[in-house]
Amino acid sequence: MTECNHINAGRRGVLIAGALSATAVAVPSVAGAAGAVNTATQAGVSPPPVLMQVSFDVNGRRHSLELDTRTSLLDALREHLQLTGTKKGCDHGQCGACTVMLDGQRINACLTLAVMHDGARVTTIEGLGTPDKLHPMQAAFIAHDGFQCGYCTPGQICSAVAALAELRQGIPSHVSTDLNAAPQATPEELRERMSGNICRCGAYSNIIEAITEVAGRPA
Ligand code: FES
Ligand code: FES
């Protein structure tokens, strides 16, 4: 090593040591965790997951799970509770295949962490109806051929059920012309309210017919 290199290496060591000690003084509570992560990373292994207990009601049944805090609600449902009716399409909020109802409101289950919903009430497609006793929206999708491959269908149906509830509550949408009047289940309103649910098979017109029938309007 040349003298110049030796001096640079020494200066680098002093700077690194200074930075580390400053960090440890400034945030002592995270210094240990950061050190563990650094050690794990340097050793080429992933840091251990942070686990947390969460309990929620899914389709009328109470479940308590110990989950990695990074687990999405979608993965909790599919991978931990084996409720695979809820589908994973994009896994980042663009397709609506993962739509479920959380405390009565629809949500993309891929975009929310399970541990955020301790005590919540979740309804998935499995909780809406059964093959022997279909929910009216499920029956209407069948009657109107509202699907082809069926991959988007659980999300479409959960979204449609919640969309009609929003209409009944008088919640306006982007296309509602009169914000003081009760919104109606017109094709334009339904298309807007269902615009977060993508169907790669293009069954849109039949989906709107099915929802229109359940809304009590002539399809
Ligand atoms: S899987 Fe959640 S929006 Fe696509
Ligand atoms: S029915 Fe195939 S994606 Fe919608």
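The values are calculated or read from the model by the stated rules, or taken from the named source; none is laboratory data. Predicted model only: the values in this text are computed from it and were never measured. Ideal geometry is used to build each Cβ from the backbone, glycine not excepted, and the neighbour counts take in all protein chains shown. For accessibility, only protein heavy atoms count, side chains too; no ligands or nucleic acids. Shrake-Rupley method; radii C 1.70, N 1.55, O 1.52, S 1.80 Å.
For the stretch 89-110, enumerate the residues that are more than 6 Å from ligand 1 (Cβ to nearest atom), polar (S, T, N, Q) and open to solvent by 40 Å² or more (accessible area, probe 1.4 Å). Result: GLN105, single match.
Look at the stretch 134-184 and say how many of its residues are part of a helix (DSSP H, G or I), touching a residue at least 12 places away in the same chain (Cβ under 8 Å) and among the hydrophobic types (A, V, I, L, M, F, W, C). It would help to see each step written out before you state the result.
So the first thing to find is which residues in the stretch 134-184 are part of a helix (DSSP H, G or I), and the list is 136-143, 153-168.
Checking which are touching a residue at least 12 places away in the same chain (Cβ under 8 Å) leaves us with 136-138, 140-141, 143, 153-167.
Retained after the next criterion (residues that are among the hydrophobic types (A, V, I, L, M, F, W, C)): 137, 140-141, 143, 157-158, 160-165, 167.
Residues that pass the stated criteria total 13.
Checked against the criterion of being assigned to a helix (DSSP H, G or I) and surrounded by fewer than 17 Cβ atoms within 10 Å (Cβ to Cβ), the candidates ARG191, ARG200 yield just one match: ARG191. Against the list (1) of a type outside the set (Lys, Arg); (2) within 23 Å of the chain's Cα centre (by Cα); (3) over 28 Å from LEU67 (Cα atoms); (4) surrounded by fewer than 20 Cβ atoms within 10 Å (Cβ to Cβ), the condition VAL161 fails is (4).
Mind checking which residues of the stretch 73-95 are among the polar types (S, T, N, Q) and touching a Leu at 6+ places or on another chain (Cβ under 6 Å)?
If the condition is that a residue be among the polar types (S, T, N, Q) and touching a Leu at 6+ places or on another chain (Cβ under 6 Å), then THR86 is the only one that fits.
Apart from one condition, PRO131 fits all of (1) open to solvent by less than 80 Å² (accessible area, probe 1.4 Å); (2) modelled with pLDDT under 95; the exception is (1).
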